[in-house]
Amino acid sequence: MTATFEEKLQKYASLIVNVGLNVQPDQEVVVRIPIEAAPLARQLAIEAYQAHAKYVHLFYQDEQITLIRFQHAPRDSFDFFPTWYADALTGLAEEGAGFISVYATDPDLLKGQDPELISTAQKVAAQHTRRYAELLSKDYAPWTVVSAAVPAWANKVFAHLPEDERVSALWDTIFEICRVNEPDPVGAWRLHTEELARRSAYMNEKQYVALKFTAPGTDLTVGLPEHHLWTGGYGKTPDGVRFTANIPTEEIFTLPHKDRVDGVVRATLPLNLRGNLIENFWFRFEQGKVVEVHAEKGEELLRKLLETDEGAVRLGEVALVPQSSPIAKTGLLFFNTLYDENASCHLALGRAYRTSLQNGEDMTTEAFAAAGGNDSLIHVDFMMGSSDMDIDGVLPDGSTEPIFRQGEWAFEVS
Ligand code: ZN
Ligand code: ZN
């Protein structure tokens, strides 16, 4: 017997609450979700209260209101940010609340809007929520980012289908990729995240000094700092509670050395930047810094992004994802970083995760930077993996070992 949509939605919500966040008794839970996904919001609240959450704080988001602001608000008002909202998030994170962010946006929302205003709005939001982002990047509070099939997004991914079939096609794809169709999704996720954790452990043991990426258009060396930590599968709060920061997740990732990245890297998927698509772009790095950038489409916006601050031209994340991931297998472009980034090896410009370095959470900003950790207001992932990609790990004596061959893992873990 096949499960109904309602049954699948319930399983998906249970997965988000119990594996994504791993809600603990008496915990406060924050849900930020598009208004079109209200049925999921309600199901999440049911699951959270069944897990004995103390209170579910709900923030509905409406992208159309964002668009209306860009169309009609005074041009000089974009440096405003509602401080109360940033304060609320920060306060809740400090108290150890759990955060569910349902990320589903119209990739074309801000098409044609002034890049200057987009970048101002982005920068001001990042400045105000800096403390909150920092707490989450240190895994101080559990957090999980997931998606939901909303019409504007479904229209983009499934443009080739009749309009009334797109949302349910996207839900089906989300359920499939998130293993909701398996008999025991929670068990399947525990196995999957444990395999990712074992791959991380293998890489941590090796402590490669650098990774070399080779593919058509890419010849890049990414230095790895001493004591870098690979993470994959799950995170842990200071109380030792396991949570899964992204559903889906297929990656293991670590800290690139902010001053030791050299060579050329070509993106293999478009980058969706606040509703604008950057296409066919590449960067040239010298001593960690982007010194050359080219994009066939959206170059101006990409340059603006790099100008955000000093750390925006350096890397903060290097992540490995095999081409056999369930997302890559769909062959779809999702126009949504959470999905596309788990289809492919990727790098991120901007802020590094403190958890990617031993004792990184306890370091001062200066000590983290001295160790090779990047800091910035932005953290923007772009995909560069492909089935043509080879990756080698460089050992301290200069010899190399295969990590990836033709887009797949080249080592076994027991
Ligand atoms: Zn990543
Ligand atoms: Zn990232």
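The values are calculated or read from the model by the stated rules, or taken from the named source; none is laboratory data. Since we're looking at a predicted model, the values are computed, not measured. So basically every Cβ, Gly included, is an ideal-geometry build from the backbone, and we count neighbours across all protein chains shown. Each accessible area value is taken on the protein alone, full model and side chains, heavy atoms only, with ligands, DNA and RNA left out. Shrake-Rupley method; radii C 1.70, N 1.55, O 1.52, S 1.80 Å.
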>> Given the criterion outside the structural domain of Ala141 (by TED's automatic domain parsing), at pLDDT 95 or above and of a type in the set (Val, Ile, Thr), identify the matching residue among Thr173, Thr214, Thr193.
In response: Thr214
> In the stretch 291-317, how many are touching a helix residue (DSSP H, G or I) at 6+ places or on another chain (Cβ under 9 Å), assigned to a strand (DSSP E or B) and surrounded by 19 or more Cβ atoms within 10 Å (Cβ to Cβ)?
Replying inline: 3
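Looking at this structure, is Glu296 closer than 30 Å to Ala149 by Cβ and either within 16 Å of ligand 2 (Cβ to nearest atom) or hydroxyl-bearing (Ser, Thr, Tyr) (or both)? Lay out the reasoning, then the answer.
Details: closer than 30 Å to Ala149 by Cβ: yes; either within 16 Å of ligand 2 (Cβ to nearest atom) or hydroxyl-bearing (Ser, Thr, Tyr) (or both): no.
No, not satisfied.
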> Only one of (1) modelled with pLDDT of 95 or more; (2) in a helix (DSSP H, G or I); (3) within 22 Å of the chain's Cα centre (by Cα); (4) surrounded by fewer than 17 Cβ atoms within 10 Å (Cβ to Cβ) is not met by Asn280, so which one is it?
Replying inline: (2)
>> Go through the stretch 358-386 and report how many residues are among the hydroxyl-bearing types (Ser, Thr, Tyr) and more than 26 Å from Val264 (Cα to Cα).
In response: 2
>> Give me the residue from the stretch 320-341 that is crowded, with 24+ Cβ neighbours inside 10 Å and within 12 Å of ligand 2 (Cβ to nearest atom) and, out of that set, farthest from Arg166 (Cα to Cα).
In response: Val321
> When the stretch 331-381 is examined, which residues are found to be within 16 Å of ligand 1 (Cβ to nearest atom), modelled with pLDDT under 95 and hydrophobic (A, V, I, L, M, F, W, C)?
Replying inline: Phe334, Leu338, Ala343, Ile378, Val380
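Looking at Ala149, Ala154, which is the one that is of a type outside the set (Val, Ile, Thr), open to solvent by less than 20 Å² (accessible area, probe 1.4 Å), within 30 Å of Leu92 (Cα to Cα) and modelled with pLDDT of 95 or more?
Ala149
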> Applying the selection to the stretch 390-402, what residues are touching a strand residue (DSSP E or B) at 6+ places or on another chain (Cβ under 9 Å) and away from ligand 1 (no atom under 16 Å from the Cβ)?
Replying inline: Asp390, Asp392, Gly393, Val394, Leu395, Thr400, Glu401, Pro402
>> Which condition from (1) open to solvent by less than 40 Å² (accessible area, probe 1.4 Å); (2) modelled with pLDDT under 95; (3) over 20 Å from the mean Cα position of the chain (by Cα) is the one that Lys111 breaks?
In response: (1)
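Are there any helices (runs of 4 or more DSSP H) wholly within the stretch 146-241 with 2 or more residues that are at negative phi and among the aromatic types (Phe, Trp, Tyr), and if so which? It would help to see each step written out before you state the result.
Working: elements: 151-157, 166-177, 185-206.
Ranges flagged: 166-177, 185-206.
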> Any residue in the stretch 44-56 that is in contact with an Asp or Glu (Cβ under 6 Å, 6 or more places away or on another chain) and of a type in the set (D, E, K, R)?
Replying inline: yes
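Please specify each residue of the stretch 236-248 satisfying the condition of being within 12 Å of ligand 1 (Cβ to nearest atom) and open to solvent by 10 Å² or more (accessible area, probe 1.4 Å). It would help to see each step written out before you state the result.
Start the filter on the stretch 236-248 by keeping residues that are within 12 Å of ligand 1 (Cβ to nearest atom), which leaves 245-246, 248.
If the condition is that a residue be within 12 Å of ligand 1 (Cβ to nearest atom) and open to solvent by 10 Å² or more (accessible area, probe 1.4 Å), then Ala245, Asn246 are the ones that fit.
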> Taking the stretch 391-414 only, how many residues are in contact with a Ser or Thr (Cβ under 9 Å, 6 or more places away or on another chain) and open to solvent by less than 40 Å² (accessible area, probe 1.4 Å)?
Replying inline: 5
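With closer than 27 Å to Ala169 by Cβ, open to solvent by 40 Å² or more (accessible area, probe 1.4 Å) and free of Cβ contacts under 8 Å to residues at least 40 places away in the same chain as the only criterion, which of Pro39, Pro25, Pro74 stands out? It would help to see each step written out before you state the result.
On the way: Pro25 fails: closer than 27 Å to Ala169 by Cβ; Pro74 fails: closer than 27 Å to Ala169 by Cβ.
On inspection, the qualifying residue turns out to be Pro39.
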